[in-house]
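So the structure is just underneath, and the comments pick up after that.
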Amino acid sequence: MKSAILSVSDKTGLAAFARGLQRLGYELFATGSTLKAIQDAALDARPVTELTGFPEMMDGRIKTLHPGVHAGILARRDRPEHMESLQRHGLQEIDLVCCNLYPFVETVTRPEVAFDEAIEQIDIGGPAMIRAAAKNHESVLVVVRPERYSELLGALNEGTVDPPMRRRLAAEAFAHTSAYDSWIAAYMRSSDPDGFPPEISFAGLLTQPLKYGENEHQKAAFYRFGPNPGGLGGAVQLQGKELGFNNIQDASAAYQLVMDYERPAAAIVKHMNPCGLAVAVDIATAYRLAYECDKVSAFGGIVSVNRPLDRSTAEQIVQIVTHVVIAPEVLDEAKDVLARRKTMIVLAAQPPRTGLFDFDLRSVPGGFLVQEWDRTGFDRASCVVVTRRAPTEAEWEQLGFAWTAVKHVKSNAIVLFKEGAAVGVGAGQMSRVEAVQIAVRRAGDRAHGSVMASDAFFPFPDGLEEGVHAGVTAVIQPGGSLKDADVVAAADAAGIAMVVTGQRHFKH
């Protein structure tokens with residue numbers, strides 16, 4: 001008779017799986033609450049203490065850490081000396097391990113969880129059993145996810161459990177314990193946020209496979225951090241076609257942009273750059289102003305708002321082709337309107353939680369970069385007026401809007417803002433003066449009376465002068481150029497106001 005050990009925190013599908021194993025002739029051993037759940041389902045199971053000869057100890061900390069369990073899992077069936085050792089010590093072979101781990105992730109993602117409570121949710125015996133079974137997968141089946149129960153029972157019943165399947169289950173088991181340890185390590189280092197550890201890993205949970213990546217020949221998938229991380233990782237798709245790799249990237253860019261504003265804001269994004277942005281008394285007005293920034297580029301864009309999406313705003317959005325709409329909430333009154341564009345993707349996403357994996361990650365060949373998110377906003381008190389003329393109160397407000405916007409535009413970045421709306425955006429240029437030229441060309445006559453934000457300093461006066469010639473009246477930029485004196489002199493000569501922040505917002 002074959003033997004199986006079952007020890008699971010997630011009891012989903014447990015009774016049916018245990019029943020299926022019994023029908024296949026497996027003798028079942030189980031721990032604690034797993035044993036009770038199986039017996040409550042009127043199934044025969046024996047306590048794992050019959051394998052160890054020891055009771056569970058220390059509030060359950062010691063259950064399976066014993067040769068009576070691990071020798072039966074790790075013994076190689078092709079090694080006579082291993083089998084002789086089992087027989088000599090009266091130990092039993094274990095042919096299947098079904099195990100998933102204490103709910104550490106669910107515990108530490110609850111607000112204000114106590115440290116002692118978190119520590120008690122660090123599973124020790126479970127990972128040891130899983131890893132032992134995965135190591136000896138040629139002889140021992142290991143299953144860690146309830147979604148695999150039906151598949152495994154079917155293969156056992158049909159006699160189709162082959163080496164590739166065993167290896168797939170083993171790989172999944174090692175990934176399960178690896179992700180679990182990544183969460184523990186992140187939690188432990190969360191009390192020491194300064195610096196980065198010598199080794200770091202990130203635990204992603206598959207949200208969905210994607211049809212393809214940036215291009216059709218690239219495979220892709222979307223992972224989220226933890227059970228409910230908010231943001232794009234926790235977004236709910238309400239309608240539309242299958243979400244794509246580029247959709248997610250663009251939606252993320254649009255979402256982060258509008259969430260940086262306290263007042264109602266709407267953004268239209270193409271290729272991760274805003275082609276429209278506005279702040280207003282309500283999102284319907286904000287969307288109208290954002291659309292007017294660049295009506296041509298808005299076609300086929302991604303729309304994001306930072307307030308519940310209402311019918312009035314939805315009526316405007318469906319007037320043109322829009323690929324994705326993302327909002328904190330979509331009101332019922334807007335859903336019927338959006339449904340007119342059946343293929344348009346509509347996402348509801350709550351603000352992201354500041355979690356244990358709260359980093360901006362960039363992969364490179366042979367490694368990856370890790371940095372904090374750029375969460376620095378506009379702080380008028382830290383700005384320094386460097387020109388003879390200071391901004392008016394109206395200009396200060398627009399400068400704040402523009403400075404918040406420019407950090408979300410690919411460098412070199414220039415944003416012109418006027419009356420609460422972006423009227424010109426120059427993004428991703430190798431030359432800053434060309435970024436200004438693009439922004440003022442987009443703005444046209446609307447550049448008159450606008451303010452200008454630059455994500456980094458002006459290396460020469462020429463970029464500033466392009467804005468002045470277009471009618472810009474005030475500028476905000478980090479400063480720090482060797483030619484700062486020349487740039488300030490050009491601003492003074494034009495009679496405009498300029499402030500420096502001392503902080504740049506590169507976005508590569």
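The values are calculated or read from the model by the stated rules, or taken from the named source; none is laboratory data. Keep in mind the model is a prediction, meaning the values are calculated, not measured. Note that we place each Cβ from the backbone using ideal geometry, even for glycine, and neighbour counts take in every protein chain shown.
Summary table
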{"quantity": "Condition met for S411 (at pLDDT 95 or above, crowded, with 18+ Cβ neighbours inside 10 Å and among the small types (G, A, S))", "calculated": "no"}
{"quantity": "Matching residues, segment 423-447, being in contact (Cβ under 8 Å) with a residue 60 or more places away in the chain and either outside the structural domain of P461 (by TED's automatic domain parsing) or buried (at least 18 other Cβ atoms within 10 Å of the Cβ) (or both)", "calculated": "V423, G424, V425, A427, R442"}
{"quantity": "Test: residue in segment 372-392 that is in contact with a Lys or Arg (Cβ under 9 Å, 6 or more places away or on another chain), under 18 Å from G276 (Cβ atoms) and outside the structural domain of L257 (by TED's automatic domain parsing)", "calculated": "no"}
{"quantity": "The one condition in (1) in contact with an Asp or Glu (Cβ under 9 Å, 6 or more places away or on another chain); (2) in a helix (DSSP H, G or I); (3) over 14 Å from Y187 (Cα atoms) that L153 fails to fulfil", "calculated": "(1)"}
{"quantity": "Within segment 211-228, tally of residues that are surrounded by 15 or more Cβ atoms within 10 Å (Cβ to Cβ) and closer than 20 Å to D10 by Cβ", "calculated": "3"}
{"quantity": "Condition check for V472: assigned to a helix (DSSP H, G or I) and either over 33 Å from the mean Cα position of the chain (by Cα) or under 25 Å from S297 (Cα atoms) (or both)", "calculated": "no"}
{"quantity": "Conditions (1) in a loop (DSSP other than H, G, I, E, B); (2) farther than 20 Å from T501 by Cα; (3) not hydroxyl-bearing (S, T, Y); number of the one not met by F458", "calculated": "(2)"}
{"quantity": "Residue list for segment 153-180, filter: within 18 Å of I94 (Cβ to Cβ), free of Cβ contacts under 8 Å to residues at least 60 places away in the same chain and over 29 Å from the mean Cα position of the chain (by Cα)", "calculated": "V161, R166"}
{"quantity": "Residues of segment 186-210 that turn out to be surrounded by fewer than 16 Cβ atoms within 10 Å (Cβ to Cβ) and either among the polar types (S, T, N, Q) or not in a strand (DSSP E or B) (or both), as a count", "calculated": "15"}
{"quantity": "Residues satisfying the stated conditions in segment 397-414, i.e. outside any loop (DSSP other than H, G, I, E, B) and touching a residue at least 40 places away in the same chain (Cβ under 8 Å)", "calculated": "Q398, L399, F401, A402, W403, T404, A405, V406, I414"}
{"quantity": "Condition broken by G233, with the remaining ones in (1) over 14 Å from the mean Cα position of the chain (by Cα); (2) surrounded by 13 or more Cβ atoms within 10 Å (Cβ to Cβ); (3) assigned by TED's automatic domain parsing to the domain that holds V318 satisfied", "calculated": "(1)"}
{"quantity": "Failed criterion for A381 (all others in (1) within 18 Å of the chain's Cα centre (by Cα); (2) outside any strand (DSSP E or B); (3) hydrophobic (A, V, I, L, M, F, W, C) hold)", "calculated": "(1)"}
{"quantity": "In segment 280-339, the residues that are under 18 Å from E419 (Cα atoms), in contact with a Lys or Arg (Cβ under 7 Å, 6 or more places away or on another chain) and not charged (D, E, K, R)", "calculated": "I283"}
{"quantity": "Residue within segment 284-307 that is over 24 Å from A439 (Cα atoms) and charged (D, E, K, R) present", "calculated": "yes"}
{"quantity": "Helices (runs of 4 or more DSSP H) wholly inside segment 248-362 containing at least 2 residues that are outside the structural domain of V105 (by TED's automatic domain parsing) and in contact with a Gly (Cβ under 7 Å, 6 or more places away or on another chain)", "calculated": "283-293"}
{"quantity": "Breaking point among (1) among the aromatic types (F, W, Y); (2) assigned by TED's automatic domain parsing to the domain that holds A18; (3) under 24 Å from F225 (Cα atoms), for F202", "calculated": "(2)"}
{"quantity": "Residues within segment 28-45 that are surrounded by 16 or more Cβ atoms within 10 Å (Cβ to Cβ) and not in a helix (DSSP H, G or I), tallied", "calculated": "6"}
{"quantity": "Residues of segment 113-139 that turn out to be basic (K, R) and either within 26 Å of the chain's Cα centre (by Cα) or surrounded by 18 or more Cβ atoms within 10 Å (Cβ to Cβ) (or both), as a count", "calculated": "1"}
{"quantity": "Subset of segment 353-379 (residues that are farther than 30 Å from S182 by Cβ and either at pLDDT 95 or above or surrounded by fewer than 14 Cβ atoms within 10 Å (Cβ to Cβ) (or both))", "calculated": "G377, D379"}
{"quantity": "Candidates R76, R110 - the one that is surrounded by fewer than 17 Cβ atoms within 10 Å (Cβ to Cβ) and either in contact (Cβ under 8 Å) with a residue 60 or more places away in the chain or in contact with a helix residue (DSSP H, G or I) (Cβ under 6 Å, 6 or more places away or on another chain) (or both)", "calculated": "R76"}
{"quantity": "Residue list for segment 325-352, filter: under 18 Å from the mean Cα position of the chain (by Cα) and surrounded by fewer than 14 Cβ atoms within 10 Å (Cβ to Cβ)", "calculated": "P351"}
